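As C-alpha coordinates, the structure follows; a few thoughts come after it.
The values are calculated or read from the model by the stated rules, or taken from the named source; none is laboratory data. Predicted model, so just to flag it, every value in this text is computed and none were measured. Note that we place each Cβ from the backbone using ideal geometry, even for glycine, and neighbour counts take in every protein chain shown. Side chains included, ligands, DNA and RNA excluded: accessible areas come from the protein's heavy atoms. Shrake-Rupley method; radii C 1.70, N 1.55, O 1.52, S 1.80 Å.
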Amino acid sequence: MFIQTESTPNPATLKFLPGQTVLEAGTADFPTPDAGKKSPLARRIFAVDGVTGVFLGTDFVTVTKSDAVAWDHIKPAILGAVMEHYQSGQPAIEGEADGGDGHAAHDGPDGEIVDQIKQLLDTRVRPAVAQDGGDITFHGFDRGIVYLHMQGACAGCPSSTLTLKMGIENLLRHYIPEVIEVRPVAA
(Lines give C-alpha, C1' and ligand atoms only; values in the text may rest on other atoms or scores of the structure.)
Protein backbone atom coordinates (compact mmCIF):
# COMPACT_ATOMS: atom_id res chain seq x y z
CA MET A 1 0.00 0.00 0.00
CA PHE A 2 1.35 3.39 -1.02
CA ILE A 3 -0.02 6.38 0.92
CA GLN A 4 0.60 9.79 -0.60
CA THR A 5 0.76 12.96 1.47
CA GLU A 6 -0.04 16.51 0.46
CA SER A 7 0.58 19.73 2.30
CA THR A 8 -2.39 22.00 3.00
CA PRO A 9 -2.60 25.78 3.47
CA ASN A 10 -2.59 25.04 7.21
CA PRO A 11 1.02 24.23 8.26
CA ALA A 12 -0.26 22.20 11.23
CA THR A 13 -2.23 19.89 8.95
CA LEU A 14 -1.26 17.24 6.39
CA LYS A 15 -3.53 15.39 3.97
CA PHE A 16 -2.98 11.62 3.64
CA LEU A 17 -4.27 9.85 0.52
CA PRO A 18 -4.42 6.06 1.03
CA GLY A 19 -5.53 5.34 -2.55
CA GLN A 20 -8.67 3.67 -1.19
CA THR A 21 -12.08 4.82 -0.09
CA VAL A 22 -12.04 6.29 3.41
CA LEU A 23 -15.75 7.16 3.73
CA GLU A 24 -18.47 6.14 1.28
CA ALA A 25 -20.11 9.56 1.58
CA GLY A 26 -19.77 12.77 3.54
CA THR A 27 -17.07 13.67 6.02
CA ALA A 28 -16.29 13.03 9.68
CA ASP A 29 -14.54 15.53 11.91
CA PHE A 30 -12.78 14.40 15.10
CA PRO A 31 -11.29 17.51 16.74
CA THR A 32 -10.36 15.55 19.90
CA PRO A 33 -9.40 11.97 20.76
CA ASP A 34 -12.66 11.66 22.70
CA ALA A 35 -14.66 12.61 19.59
CA GLY A 36 -12.79 9.94 17.61
CA LYS A 37 -13.80 7.00 19.79
CA LYS A 38 -16.32 5.69 17.24
CA SER A 39 -13.67 5.54 14.53
CA PRO A 40 -11.05 2.76 14.60
CA LEU A 41 -9.02 4.77 12.07
CA ALA A 42 -9.11 7.96 14.15
CA ARG A 43 -8.24 6.03 17.33
CA ARG A 44 -5.12 4.62 15.67
CA ILE A 45 -4.04 8.05 14.46
CA PHE A 46 -4.74 9.74 17.80
CA ALA A 47 -2.48 7.13 19.43
CA VAL A 48 0.44 8.96 17.80
CA ASP A 49 1.84 11.56 20.22
CA GLY A 50 1.30 15.08 18.97
CA VAL A 51 -1.87 14.44 16.91
CA THR A 52 -4.61 16.93 17.86
CA GLY A 53 -7.25 16.36 15.16
CA VAL A 54 -8.39 13.85 12.53
CA PHE A 55 -10.74 14.58 9.64
CA LEU A 56 -12.03 11.91 7.24
CA GLY A 57 -13.17 12.59 3.67
CA THR A 58 -14.26 10.22 0.94
CA ASP A 59 -10.72 9.50 -0.23
CA PHE A 60 -8.44 11.26 2.24
CA VAL A 61 -7.51 11.62 5.90
CA THR A 62 -6.44 15.01 7.22
CA VAL A 63 -4.32 15.05 10.38
CA THR A 64 -3.61 18.09 12.54
CA LYS A 65 -0.64 18.15 14.90
CA SER A 66 0.35 20.27 17.86
CA ASP A 67 2.97 22.98 17.43
CA ALA A 68 5.23 21.11 19.86
CA VAL A 69 6.06 18.34 17.37
CA ALA A 70 7.56 18.34 13.89
CA TRP A 71 6.03 16.51 10.93
CA ASP A 72 9.35 14.72 10.36
CA HIS A 73 8.94 13.06 13.75
CA ILE A 74 5.30 11.95 13.60
CA LYS A 75 4.57 11.47 9.89
CA PRO A 76 6.05 7.91 9.75
CA ALA A 77 3.93 6.83 12.73
CA ILE A 78 0.77 8.29 11.15
CA LEU A 79 1.52 6.49 7.88
CA GLY A 80 1.92 3.30 9.88
CA ALA A 81 -1.37 3.85 11.69
CA VAL A 82 -3.25 4.39 8.41
CA MET A 83 -1.65 1.32 6.85
CA GLU A 84 -2.39 -0.78 9.94
CA HIS A 85 -6.02 0.31 9.79
CA TYR A 86 -6.47 -0.79 6.18
CA GLN A 87 -4.76 -4.11 6.86
CA SER A 88 -7.14 -4.72 9.80
CA GLY A 89 -10.23 -4.68 7.57
CA GLN A 90 -12.14 -2.53 10.08
CA PRO A 91 -14.49 0.22 8.91
CA ALA A 92 -13.39 3.84 9.21
CA ILE A 93 -16.38 4.46 11.52
CA GLU A 94 -18.16 1.87 13.65
CA GLY A 95 -21.94 1.71 13.68
CA GLU A 96 -24.23 3.72 11.49
CA ALA A 97 -22.57 6.45 9.48
CA ASP A 98 -24.23 9.85 9.66
CA GLY A 99 -24.90 9.92 5.92
CA GLY A 100 -26.07 13.53 6.06
CA ASP A 101 -24.67 16.45 4.12
CA GLY A 102 -23.04 17.94 7.22
CA HIS A 103 -25.18 21.07 7.17
CA ALA A 104 -27.24 22.13 10.17
CA ALA A 105 -30.99 21.97 9.71
CA HIS A 106 -32.84 25.26 9.33
CA ASP A 107 -36.55 25.59 9.92
CA GLY A 108 -36.89 29.35 10.14
CA PRO A 109 -38.58 31.82 7.81
CA ASP A 110 -35.54 32.11 5.53
CA GLY A 111 -35.76 28.55 4.20
CA GLU A 112 -35.42 29.52 0.54
CA ILE A 113 -32.33 31.66 1.22
CA VAL A 114 -30.79 28.89 3.34
CA ASP A 115 -31.39 26.37 0.54
CA GLN A 116 -29.56 28.69 -1.88
CA ILE A 117 -26.67 29.09 0.60
CA LYS A 118 -26.35 25.32 1.03
CA GLN A 119 -26.47 24.74 -2.72
CA LEU A 120 -23.68 27.27 -3.35
CA LEU A 121 -21.61 25.75 -0.55
CA ASP A 122 -22.08 22.23 -1.95
CA THR A 123 -21.37 23.10 -5.58
CA ARG A 124 -18.77 25.88 -5.38
CA VAL A 125 -17.09 25.91 -1.96
CA ARG A 126 -16.91 22.41 -0.50
CA PRO A 127 -15.22 20.77 -3.52
CA ALA A 128 -12.48 23.42 -3.41
CA VAL A 129 -11.80 23.15 0.32
CA ALA A 130 -11.83 19.33 0.09
CA GLN A 131 -8.83 19.69 -2.22
CA ASP A 132 -7.06 21.31 0.73
CA GLY A 133 -8.15 18.58 3.16
CA GLY A 134 -11.04 20.33 4.84
CA ASP A 135 -14.74 21.06 4.75
CA ILE A 136 -17.05 23.98 5.43
CA THR A 137 -20.65 23.38 6.47
CA PHE A 138 -23.66 25.59 7.05
CA HIS A 139 -24.36 26.27 10.72
CA GLY A 140 -26.97 29.02 10.66
CA PHE A 141 -28.43 32.15 9.07
CA ASP A 142 -29.69 35.09 11.09
CA ARG A 143 -30.52 38.61 9.87
CA GLY A 144 -28.18 38.46 6.88
CA ILE A 145 -25.30 36.76 8.68
CA VAL A 146 -24.26 33.28 7.53
CA TYR A 147 -22.56 31.12 10.17
CA LEU A 148 -20.22 28.43 8.83
CA HIS A 149 -18.35 25.62 10.57
CA MET A 150 -14.81 24.98 9.34
CA GLN A 151 -13.41 21.45 9.67
CA GLY A 152 -10.23 19.53 8.96
CA ALA A 153 -7.44 21.62 7.46
CA CYS A 154 -9.76 24.66 7.40
CA ALA A 155 -10.10 24.76 11.18
CA GLY A 156 -7.33 26.94 12.58
CA CYS A 157 -5.81 27.62 9.16
CA PRO A 158 -4.02 30.99 8.98
CA SER A 159 -5.73 31.77 5.67
CA SER A 160 -9.23 30.72 6.81
CA THR A 161 -10.32 34.29 7.60
CA LEU A 162 -9.27 35.39 4.12
CA THR A 163 -11.08 32.38 2.60
CA LEU A 164 -14.25 33.25 4.51
CA LYS A 165 -14.24 36.99 3.91
CA MET A 166 -12.78 37.38 0.43
CA GLY A 167 -13.91 34.09 -1.05
CA ILE A 168 -17.07 32.66 0.44
CA GLU A 169 -18.61 35.94 1.64
CA ASN A 170 -18.12 37.58 -1.75
CA LEU A 171 -19.53 34.54 -3.56
CA LEU A 172 -22.63 34.35 -1.37
CA ARG A 173 -23.23 38.11 -1.49
CA HIS A 174 -22.96 38.04 -5.29
CA TYR A 175 -25.64 35.37 -5.73
CA ILE A 176 -27.79 36.05 -2.65
CA PRO A 177 -28.36 39.76 -1.92
CA GLU A 178 -29.82 38.96 1.51
CA VAL A 179 -26.37 37.82 2.71
CA ILE A 180 -24.53 40.64 4.50
CA GLU A 181 -21.66 38.81 6.21
CA VAL A 182 -20.11 35.38 6.80
CA ARG A 183 -18.77 34.36 10.23
CA PRO A 184 -17.08 31.20 11.49
CA VAL A 185 -18.44 29.20 14.44
CA ALA A 186 -16.80 26.67 16.71
CA ALA A 187 -18.14 23.13 16.76
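Things to note:
- Under the convention that each Lys and Arg Cβ holds +1 and each Asp and Glu Cβ holds -1, the size of the dipole of the chain around its Cα centre is about 480 debye.
- For the range 161-176, backbone phi angles converted through the Karplus equation (6.51, -1.76, 1.60; θ = phi - 60°) give residue-by-residue couplings of 5, 5, 4, 5, 6, 7, x, 5, 4, 5, 4, 5, 5, 5, 8, 10 Hz, Gly and Pro being listed as x.
- The solvent-accessible area of H106, taken with every protein chain present and a 1.4 Å probe, is close to 60 Å².
- Rolling a 1.4 Å probe across the protein heavy atoms gives the range 1-133 an accessible surface of 53 Å² per residue.
- In sequence order, the range 140-152 has phi-based couplings of x, 9, 8, 6, x, 9, 9, 9, 10, 9, 9, 10, x Hz under the Karplus curve 6.51 cos²θ - 1.76 cosθ + 1.60, θ = phi - 60°, and Gly or Pro positions carry x.
- Accessible surface calculations at 1.4 Å, restricted to protein heavy atoms, place the range 144-187 at 51 Å² per residue.
- Projecting the Cα atoms of Y175, A70, G102 onto the charge dipole of the chain (Cβ charges, centred on the Cα centre) puts A70 farthest toward the positive pole.
- Mean-position separation - Cα centroids, the range 39-70 and the range 9-33, in angstrom: 8
- Pairs of Cα atoms nearer than 8 Å and 6+ residues apart set the relative contact order; for the chain it is 21 percent.
- Applying 1/(1 + (r/R0)^6) with r as the Cβ-Cβ distance of Q4 and S88 and R0 = 22 angstrom yields a FRET efficiency of 0.60.
- Fraction of accessible area attributable to carbon and sulfur, the chain (%, probe 1.4 Å): 51
- Taking 7 Å steps out from each Cα toward its Cβ at R183 and D101 produces label points 2.4 nm apart.
- With a Cα cut-off of under 19 Å and a minimum spacing of 8 residues unless on different chains, the lysine pairs in the chain number 5.
- Gain on full stretching of the segment that runs from D72 to L171 - 0.36 nm per residue minus C-alpha separation: 31.9 nm
- For the range 27-74: Kirkwood Rh in Å [reciprocal of mean 1/r, alpha carbons]: 10.8
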